[in-house]
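Undergrad: Below is the structure I would like to discuss, written out as structure tokens.
The values are calculated or read from the model by the stated rules, or taken from the named source; none is laboratory data. All figures in this text were calculated on a predicted structure; none of them were measured in a lab. Glycine gets a Cβ as well: all are built from the backbone with ideal geometry, and neighbour counts include every protein chain shown. These accessible areas exclude ligands, DNA and RNA; they are computed on the full protein's heavy atoms, side chains included. Shrake-Rupley method; radii C 1.70, N 1.55, O 1.52, S 1.80 Å.
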Amino acid sequence: MAPLLRMVVCVLAVVVMCQADCYFQELHNKDVKSQPKGCVDKEGVEHEFGSEWVKNCYECSCSEEGIGCCSKIPDAIAVPPQCELVVNRDACFAKMVLKSDKTKECSPV
């Protein structure tokens, strides 16, 4: 399977399984005389091919096709009426808790 197709299949699987927000930033080579050694993210930081990192609760990776990132926090979970979703952006996680007792976790529908 071609690397780009493999990446697209993986990203789609992550979206379906985690219902997370994902995006892909295609690799652009500005210097046609030399091969790039990695990817440059939106902030201008260069990452080596094959590297992975977490930034602003997004898990990202760099491949020869570009940068793929998915949120570690799910964005489309069905929350039962007796529950609420509590998001901790500092620790990059979310959990469902009972509205009546926030110390007890709730299960998704």
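Undergrad: Scan the range 38-66 for residues that are of a type outside the set (D, E, K, R) and in contact with a His (Cβ under 7 Å, 6 or more places away or on another chain) and jot them down.
TA: Of everything in the range 38-66, those that are of a type outside the set (D, E, K, R) and in contact with a His (Cβ under 7 Å, 6 or more places away or on another chain) turn out to be G38, C39, W53, C62.
Undergrad: Can you find even one residue in the range 29-41 that is closer than 24 Å to C92 by Cα, among the charged types (D, E, K, R) and open to solvent by 70 Å² or more (accessible area, probe 1.4 Å)?
TA: no
Undergrad: In the range 43-53, what count of residues is obtained for those that are at pLDDT 95 or above and either more than 13 Å from L27 (Cα to Cα) or open to solvent by 40 Å² or more (accessible area, probe 1.4 Å) (or both)?
TA: 6
Undergrad: Just name the residue that is least open to solvent (accessible area, probe 1.4 Å) out of those in the range 70-101 that are without any contact (Cβ under 8 Å) to a residue 24 or more places away in the chain and closer than 12 Å to C57 by Cα.
TA: Filtering first and then ranking leaves A94.
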